[in-house]
1. Based on this model, can you work out whether B:ALA107 counts as surrounded by 24 or more Cβ atoms within 10 Å (Cβ to Cβ) and away from DNA strand C (no atom under 16 Å from the Cβ)?
2. Which residues, counting only those in segment B:64-99, are among the polar types (S, T, N, Q) and open to solvent by 50 Å² or more (accessible area, probe 1.4 Å)?
3. For segment B:56-78, which positions are more than 8 Å from every other protein chain (Cβ to nearest Cβ), assigned to a helix (DSSP H, G or I) and of a type in the set (Gly, Ala, Ser)?
4. Suppose the filter is open to solvent by 10 Å² or more (accessible area, probe 1.4 Å) and outside any helix (DSSP H, G or I); does B:SER38 pass it?
5. Quick one: B:GLU173 ticks every box in (1) in contact with a Gly (Cβ under 6 Å, 6 or more places away or on another chain); (2) open to solvent by 10 Å² or more (accessible area, probe 1.4 Å) bar one, so which box is it?
6. Any residue in segment A:1-18 that is at pLDDT 95 or above, away from DNA strand D (no atom under 11 Å from the Cβ), part of a loop (DSSP other than H, G, I, E, B) and within 23 Å of A:GLU78 (Cβ to Cβ)?
7. Every residue in segment B:22-48 that is touching a residue at least 40 places away in the same chain (Cβ under 8 Å) and at the interface with chain A (Cβ under 10 Å from one of its Cβ atoms), please.
8. Listed residues A:GLY89, A:GLY112, A:GLY100; which is away from DNA strand C (no atom under 16 Å from the Cβ) and more than 8 Å from chain B (Cβ to nearest Cβ)?
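The values are calculated or read from the model by the stated rules, or taken from the named source; none is laboratory data. Small disclaimer: the values here were computed from a predicted structure and weren't measured. Please note: Cβ atoms are built from the backbone with ideal geometry, for glycine as well, and neighbour counts cover all protein chains shown. Accessible surface areas use protein heavy atoms only, side chains included; no ligands, DNA or RNA. Shrake-Rupley method; radii C 1.70, N 1.55, O 1.52, S 1.80 Å.
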There are 2 protein chains.
Amino acid sequence: MATGRTHRPATRSRGIPEATVARLPLYLRALTALSERSVPTVSSEELAAAAGVNSAKLRKDFSYLGSYGTRGVGYDVEYLVYQISRELGLTQDWPVVIVGIGNLGAALANYGGFASRGFRVAALIDADPSMAGKPVAGIAVQHTDELEKIISDNGVSIGVIATPAGAAQQVCERLVAAGVTSILNFAPTVLTVPDGVDVRKVDLSIELQILAFHEQRKAGEEAAQDAAQADATAPAPPPIRANRGSSDGGAGRSSAGADATASAGSRAASAGTRAPSGSTRAASGAAARDNKGPDGDVPAVMPA
Amino acid sequence: MATGRTHRPATRSRGIPEATVARLPLYLRALTALSERSVPTVSSEELAAAAGVNSAKLRKDFSYLGSYGTRGVGYDVEYLVYQISRELGLTQDWPVVIVGIGNLGAALANYGGFASRGFRVAALIDADPSMAGKPVAGIAVQHTDELEKIISDNGVSIGVIATPAGAAQQVCERLVAAGVTSILNFAPTVLTVPDGVDVRKVDLSIELQILAFHEQRKAGEEAAQDAAQADATAPAPPPIRANRGSSDGGAGRSSAGADATASAGSRAASAGTRAPSGSTRAASGAAARDNKGPDGDVPAVMPA
DNA sequence: CCGTGTGAAATGCTTCACAGCG
DNA sequence: CGCTGTGAAGCATTTCACACGG
């Protein structure tokens, strides 16, 4: 969807897959650690282990950047650090502004990894007048009124939104209008932006829900279906009781794909299928309806 | 990677793709908002827009859950909220512990969306003795020594790690040994866990680096290659100057796949390709080497 | 002889497009 | 007649496996 477009065929051969781009920071981190320990070279096998991926994937990823390894030996750590940094654009300075200085915003402002990779917190912005002037992480918070001026004076192109959900879209629009073209959104809302603006979101609640899904599955591993029969507690079955269970369709398929993001290594350890504590929470139309701010589900982390 | 396994063919038809699972929370949020406005039904088109995906994807996703819609009409909001909640396992209560109560941990503890979806903060744990007893978000912080007892007493199966990178793996091991089988990791490290334990990570630094990559590309859109020639500042070219640019291989490929996570809608707005502020940061072997804690890149957010 | 670099196969996800049910 | 549900096509990503270079 979105508005027309067909993304230019890339200036030319520059076509690194998104999935690969998303892993470069991982490699970079692992490499930086090795660099600190003065390790001169690494094999794809070792580096892959340190980054938490498999070696085939890593080699393929690097192949998109060029041939930076030495057959029979491995990769030169320093050299690779440089190449990846350059590819990611970390050899230049990126001023960043953080909007919404609540607990989260403060945490981000204090985040060390921030400055260590070419990102510089150019300003902290908050809508609460009483915050203005207060130093957070050594930087004085400025009022939202200054937003546009700050962006243009500092040539900021990356903005971080850590405001409540209700304020996010508006802040986003102001950032974009002022010249920001990349946004990292921590507010639990879908931001609508013009073409050409990149948005990445980080949503705690979503991550937890995904974990819950897998957790639930683990629990029901042997207890099997029982929720499937929970028909009793189901709320108003729609109009004419929907016809469940598709005959077959391209649906089903096994897989279950575990390691959704990690899950490497192996060790002993206890814990074998642990049932969730409480019992099937009151359900009756309930589910996601308890305490909830007047506006979606604000992070309750900041003033307004 | 990972130890053997072949994931059971799913109790039977239960095979929801990971990608779909990851979107269910998004739909749920949009649906909850509609539910609050007492909207009775939605079409895939409308709901998709609200969730920031396209309708075909949404319909396909829902088809994995079953046939919950009504042709010619749409979906019953309340009913769908219930079905998705159940699928995600949100109809039960999930006690959660947060380890590492620094700025970030506190932000998470205060996060409203937390409690509103079936997650209950069962305890806040920190290694700093002086934190013990202090109330954060209305809950008294407990010392790490209590970790095992807390986990088992509360039947906690989901843990959130918000400690500095250096402490993460150790905390992770203790959580797992105590019975936790799902971990949400905010520390910038790769966690190694036994089979059967799910780990999801949230890494601010990585998200920013991905944005920087795209941002850099936007800038070089017309200024074209110029970094490609930056050979002058490159550090020790490995052994025998690696042979750049692969002949062709399955590499290249165009696409450039933008909307890495969002980028919907459309509007006017200014900002058209904005060059990053500073000039090519000192680079000379530099890149990712400035201020950095003695231990990787700790979130500098918490004591120890 | 080891480990990179990479075609090719396998798998997974998204998009298309349309049959068919209310 | 509109909108869902879904085969089938189109892409993207991962994995395999092995030729090739140092």
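1. On the way: surrounded by 24 or more Cβ atoms within 10 Å (Cβ to Cβ): yes; away from DNA strand C (no atom under 16 Å from the Cβ): yes.
Criteria met by B:ALA107.
2. Hits for segment B:64-99 are B:SER67, B:THR70.
3. B:ALA56, the sole residue that qualifies.
4. Values: open to solvent by 10 Å² or more (accessible area, probe 1.4 Å): yes; outside any helix (DSSP H, G or I): yes.
So B:SER38 passes the test.
5. Only one criterion is unmet by B:GLU173, namely (1).
6. no
7. Going through segment B:22-48, the residues touching a residue at least 40 places away in the same chain (Cβ under 8 Å) turn out to be B:24-25, B:27-28, B:31-32, B:34-35.
If the condition is that a residue be touching a residue at least 40 places away in the same chain (Cβ under 8 Å) and at the interface with chain A (Cβ under 10 Å from one of its Cβ atoms), then B:LEU24, B:PRO25, B:LEU28, B:LEU31, B:THR32, B:SER35 are the ones that fit.
8. Testing whether each residue is away from DNA strand C (no atom under 16 Å from the Cβ) and more than 8 Å from chain B (Cβ to nearest Cβ) leaves just A:GLY100.
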